1. Provide C224, C152 ordered by accessible surface of protein heavy atoms (probe 1.4 Å), highest first.
2. Please report, to one decimal in angstroms, the Kirkwood hydrodynamic radius of region 148-259 built from all distinct Cα-Cα pairs.
3. How charged is the neighbourhood of K230? Take every other residue with its Cβ under 12 Å from the Cβ of K230, and add Lys/Arg as +1 and Asp/Glu as -1.
4. Would you kindly calculate the translational diffusion coefficient of region 131-185, applying Stokes-Einstein with the Kirkwood radius from alpha carbon pairs, for 4 °C and a viscosity of 1.567 mPa s, and quote it in µm² s⁻¹ without decimals?
5. Quick one: how many Å² of D262 are accessible to a 1.4 Å probe, rounded to 10?
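The values are calculated or read from the model by the stated rules, or taken from the named source; none is laboratory data. In this text the structure is predicted, and so the values were computed from the model without any measurement. Because the Cβ atoms are built from the backbone with ideal geometry, glycine has one as well, and the counts that use them run over all protein chains shown. These area figures cover heavy atoms from the full protein model, side chains too; ligands, DNA and RNA do not enter into them. Shrake-Rupley method; radii C 1.70, N 1.55, O 1.52, S 1.80 Å.
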Amino acid sequence: MADDTIASVIPLHQLPLKKRDKKGVERARTYRQRKRKAKAAASNEDESPSSSSLISSEFLIPPEFFPANDVVAGPPVTPLPPKTPRPNDAVMASRSHLAPILLSIAALALAVVGITINGWFARSLGASDVAGWLFLAVGVAADLVALVMPSCAAGLWGAGQRATALVGWAVWIMTFIFAVTAGIGFASTNISDVTTARASRVTPAVTNAQAALADAMTARDRECKGGVGKFCREREATVVERRQILDSAMASVGQTADPQSDAAIKLVTWASRGTLRPTPDDFAMLRLVLLALLPQIGGILIMVGRHSALRRPLFAHR
């Protein structure tokens, strides 16, 4: 049926021409070759109907309308647009750059505080000026070793020098313990001095209790001057009562000398609904440990910040 259609359509388009040029002859020859190929494709039973219809419709077009160079151009290849970073990637990249810097700054600040604490406390242990300065040098040197040794030991461990790295960690443990003990001495000394100074404050209640006790003692001395009698014993009981009032007033002042401990105990008791009831000594020990440890972790922070900065290019590449 395709052959009949082609045969019926072609004569309508074959108009008389005077003389064909060479290009027209080549086009006709190409057309005849395509026609033979179309007949061979139509005789193939495995070909789908859609493809045969496309071939037949292609060969219904006269050869004059075909281009001289029969080359089928493919679709234009457009380059892929550059991948723009997402907002989340930009935020994570900026954080990855900023975190090691902030960590290093915090480590240096803690290191300065720790060196100052250890130097001050070590110098206070000297019985003379020379001994004090020697202790100061020991304290500063030990704190510097505790500061830089974690990074050096971690680098040696990563380089495969495990024995040297273990020696470095052992030295760091010794200097760290020394620095922590110095921090404990510094914190306990200053906290005790401040608490004692606050507890010795004279409040209006203490002043009134002292005045009342002085009056009671004067009355007792006057009554008991001629001998011990009924009124002397009454005045003596009054003095004992006024002394108890004064002790109670001074104890209340001593309790408010460390408001941080009092507030923390109340907060823990309220948060645990009465399950946990720490004492002032418990909170004082916790505070002392934190004040002694925090200034000595500068070396650990520097090691973490260094390794984070080394891993930053890998993160940025991903």
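1. Working: C224 40, C152 70 Å².
Result of the area sort, largest leading: C152, C224.
2. On the way: mean 1/r = 0.0520 Å⁻¹.
By the Kirkwood definition, the hydrodynamic radius is 19.2 Å.
3. -1
4. Stokes-Einstein gives a translational diffusion coefficient of 110 µm²/s.
5. For D262, the solvent-accessible surface is approximately 70 Å².
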